[in-house]
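Report on the following structure.
The values are calculated or read from the model by the stated rules, or taken from the named source; none is laboratory data. For clarity, every value in this text was computed on a predicted model and none was experimentally measured. Cβ atoms come from the backbone with ideal geometry, glycine included; neighbour counts cover every protein chain shown. Surface accessibility is based on the protein's heavy atoms, side chains included, excluding ligands, DNA and RNA. Shrake-Rupley method; radii C 1.70, N 1.55, O 1.52, S 1.80 Å.
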Amino acid sequence: MAYMEMFVGPVLTSNKDAYSAYAQKMGALTLQAGALSVAACRGDEAPQGMLRTLASMVQLEPGETLVARIVRWKSKEARDQGWAGMMKSPAMQSEPVRMPFDRSRVCHGGFEELGGK
């Protein structure tokens, strides 16, 4: 069964280009590692005032934009193998990917896909 991985975090709105470059590089590396698809997204709507929102989970501040990355793998095992291989890859070792966001405020989760294509 397919396995989905989701990351959500804040990026300074002024770092839009840096995040796009990061997302493209990580997307290519993730696909090379065996992911079926990768979608990097930049929020245009981050509701406030509800009990729980993505914006509140990452403590979104003024001047920041919510970003998300959704990766689809064949299975959880494929994800585990893909990430392990990617972390050892020459591309990750020789030129570490600079993350244009505060990792301490990123939310991450893995999900078994129930349906869809």
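List of remarks:
- Evaluating residue 88 against the criteria (1) in contact with a strand residue (DSSP E or B) (Cβ under 9 Å, 6 or more places away or on another chain); (2) exposed (fewer than 11 other Cβ atoms within 10 Å of the Cβ); (3) modelled with pLDDT under 85 leaves one unmet condition, (1).
- Top-ranked residue in region 1-46 [being charged (D, E, K, R) and assigned to a strand (DSSP E or B); ranked as surrounded by the fewest Cβ atoms within 10 Å (Cβ to Cβ)]: 42
- Pairs, first in contact (Cβ under 8 Å) with a residue 12 or more places away in the chain in region 8-37, second open to solvent by 90 Å² or more (accessible area, probe 1.4 Å) and assigned to a helix (DSSP H, G or I), C-beta under 9 Å, six or more apart: 8/57; 9/103; 33/81; 34/81
Yes/no per residue for (1) surrounded by 10 or more Cβ atoms within 10 Å (Cβ to Cβ); (2) outside any loop (DSSP other than H, G, I, E, B); (3) modelled with pLDDT under 85:
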site: 50; (1), (2), (3): no, no, yes
site: 60; (1), (2), (3): yes, no, no
site: 79; (1), (2), (3): yes, yes, no
site: 104; (1), (2), (3): no, yes, no
